[in-house]
């Protein structure tokens, strides 16, 4: 789990949250990740002390990840509206 991160932007869409996060210790895409979470509030995401971008069953896990590009952000928003 990564605890060194900062939110770049986030958006609540229905019961889903789309976030773009910067992990300064990560080197791909300048450390930026776009993640969609299902059935969670933006307040719950904002309160997390660490966020693991890997899929798992035993904790809050991303539903989907996208390339950290403007196209990726738009695709994540579209998915969050659809699911």
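The values are calculated or read from the model by the stated rules, or taken from the named source; none is laboratory data. Since the structure is predicted, the reported quantities are computational estimates derived from the model, not experimental observations. Every residue, glycine among them, receives a Cβ derived from its backbone with ideal geometry; neighbour counts consider all protein chains shown.
Sort out which residues of region 68-83 are surrounded by 15 or more Cβ atoms within 10 Å (Cβ to Cβ) and modelled with pLDDT under 95, and write them in order of number. Answer for region 68-83, where residues must be surrounded by 15 or more Cβ atoms within 10 Å (Cβ to Cβ) and modelled with pLDDT under 95: just 68. One residue is enough: does region 41-61 have a residue meeting the conditions assigned to a helix (DSSP H, G or I) and touching a strand residue (DSSP E or B) at 6+ places or on another chain (Cβ under 6 Å)? Yes, that holds for at least one residue.
Of all residues in region 62-83, those being more than 12 Å from the chain's Cα centre (by Cα) and part of a loop (DSSP other than H, G, I, E, B) number 2. Just one of (1) without any contact (Cβ under 8 Å) to a residue 40 or more places away in the chain; (2) touching a strand residue (DSSP E or B) at 6+ places or on another chain (Cβ under 8 Å); (3) surrounded by fewer than 17 Cβ atoms within 10 Å (Cβ to Cβ) fails for residue 33. It is (3).
Return a yes/no flag: does region 17-30 have any residue that is outside any loop (DSSP other than H, G, I, E, B) and either surrounded by fewer than 11 Cβ atoms within 10 Å (Cβ to Cβ) or without any contact (Cβ under 8 Å) to a residue 12 or more places away in the chain (or both).
Filtering region 17-30 down to residues outside any loop (DSSP other than H, G, I, E, B) leaves 17-22, 28-30.
From what is left, the residues that are either surrounded by fewer than 11 Cβ atoms within 10 Å (Cβ to Cβ) or without any contact (Cβ under 8 Å) to a residue 12 or more places away in the chain (or both) are 28, 30.
There is at least one residue in region 17-30 that is outside any loop (DSSP other than H, G, I, E, B) and either surrounded by fewer than 11 Cβ atoms within 10 Å (Cβ to Cβ) or without any contact (Cβ under 8 Å) to a residue 12 or more places away in the chain (or both).
Scanning region 67-83 for residues being closer than 14 Å to residue 13 by Cβ and touching a helix residue (DSSP H, G or I) at 6+ places or on another chain (Cβ under 8 Å) gives a total of 0.
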